[in-house]
Every structure is written in C-alpha cells, then in structure tokens.
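Chemist: Below is one structure. I have some questions about it.
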Amino acid sequence: QVQLVESGGGPVQAGGSLRLSCSASGNFISINAWGWYRQAPGKQREMVASITSEEMTKYADSVKGRFTISRDNAKNMVYLQMNSLESEDTAVYYCNADVSFMSSIWRTSAEYWGQGTQVTVAS
C-alpha cells in the first residue's frame with residue numbers, strides 16, 4: 001500500500017559528504033514522521049535521525065553535528081544530509097515512515113521501510 005524508495009548512496013571518501021533521499025508513494029493520508037536508520041555488518045539496526053510532522057528532529061549521538069534530516073511535505077520526501085563522513089558511518093541506510101492510511105473504513109497507521117541504500121566510506 002505504501003512504498004518507500006531510497007537513493008543517493010554510494011562510495012565516498014572519509015571527510016566527504018553525501019545526501020540521501022527517500023520518496024513515498026501509494027495510497028495514504030499523511031506521513032506523520034520520517035526516520036533514517038542504518039545497519040552495519042554484524043550490528044543491529046539503529047536510528048540515525050528522525051523528524052516529526054512538526055519538524056522536531058532527533059539524532060543519534062554519533063551523528064550529531066554532522067547529519068541533518070529534513071522533509072518536503074509537498075513532495076512526500078525526506079532527506080539526510082551527511083557531512084564529515086567517517087568509516088564508522090559505513091552501513092546500509094534505510095528510510096522509515098510512520099504513515100496514516102485507510103484500512104477498510106478505519107483510519108490507522110503503520111511503519112513502512114524502504115529497501116535500503118549502501119553507503120561506503122573509505123578510510
């Protein structure tokens with residue numbers, strides 16, 4: 001019912017920058033909140049950044065001051081600007097959206113995930 005597609009990943013030098021994008025499509029009413037998560041080999045998936053409908057943001061301690069999350073409600077998109085990248089940032093990055101939609105006659109909400117995009121930071 002809802003599809004999320006990430007883009008913008010790839011190889012990058014340490015200290016460089018990269019911007020990830022995620023686009024939502026499908027039959028939904030609104031996107032209540034967006035999040036970016038990442039998962040490195042041998043590690044659990046962790047939250048990197050999130051943004052609410054009121055544009056309140058939250059960041060993992062490891063990326064504070066380096067990453068910035070933003071959203072474009074008109075385009076149903078979210079972005080993650082990543083600066084001063086480090087080798088520890090290497091991971092698959094996933095887009096997450098808390099979405100409101102109609103299930104039969106009821107309004108409900110659920111979280112959806114994108115397929116992920118690989119970010120590889122060369123040391």
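Just so you know, all these numbers are worked out from the coordinates, no wet-lab data involved. Because the structure is predicted, anything quoted here is derived from the model rather than measured. Cβ coordinates were reconstructed from backbone atoms using ideal geometry, including for glycine residues, and neighbour counts include every protein chain displayed.
Chemist: Just to confirm a number: summing +1 for Lys and Arg and -1 for Asp and Glu over residues other than V99 whose beta-carbon lies under 12 angstrom from that of V99, what do you get?
Modeler: Local net charge: -1.
Chemist: With each pseudo-label sitting 7 Å past Cα toward Cβ, what's the R45-K64 distance in nm, one decimal?
Modeler: With each label point 7 Å from Cα toward Cβ, the separation is 2.5 nm.
Chemist: Mind listing the long-range amide H neighbours of A14? Cut-off is under 5 Å, sequence gap 5 or more, other chains count too, H placed in the peptide plane at 1.01 Å from N.
Modeler: A122
Chemist: Now a separate question. Given a Förster radius of 30 Å and the C-beta distance between E55 and I29 as r, what FRET efficiency does 1/(1 + (r/R0)^6) yield to the nearest 0.05?
Modeler: Once rounded, the FRET efficiency stands at 0.95.
Chemist: Here's another thing I want to ask about it. Which whole-Hz couplings ³J(HN,Hα) result when phi for each residue of segment 53-70 is put into the Karplus expression 6.51 cos²θ - 1.76 cosθ + 1.60, θ = phi - 60°, listed in order with x for Gly and Pro?
Modeler: 5, 8, 6, 7, 10, 8, 10, 5, 4, 5, 10, 4, x, 10, 10, 9, 9, 8
Chemist: Give, in whole angstrom and from largest to smallest, the semi-axes √(5λ) of the equivalent ellipsoid of the chain, with λ running over the eigenvalues of the Cα gyration tensor.
Modeler: Numbers: eigenvalues 146, 38, 30 Å².
For the chain, the semi-axes come out at 27, 14, 12 Å.
Chemist: Residue-wise, which Karplus ³J(HN,Hα) couplings in Hz belong to segment 88-101, taking 6.51 cos²θ - 1.76 cosθ + 1.60, θ = phi - 60°, and x for glycine or proline?
Modeler: 5, 7, 4, 4, 8, 9, 10, 8, 10, 9, 8, 10, 9, 8
Chemist: Here's something else I'd like to know. Rounding to the nearest 20 debye, state how big the charge dipole of segment 25-114 is about its Cα centre with +1 on each Lys and Arg Cβ and -1 on each Asp and Glu Cβ.
Modeler: 120
Chemist: Under a plain spin-label model, where a point goes 7 Å from the Cα along Cα-to-Cβ, how far apart in nm are I105 and E86?
Modeler: Label at I105, label at E86, 5.5 nm between them.
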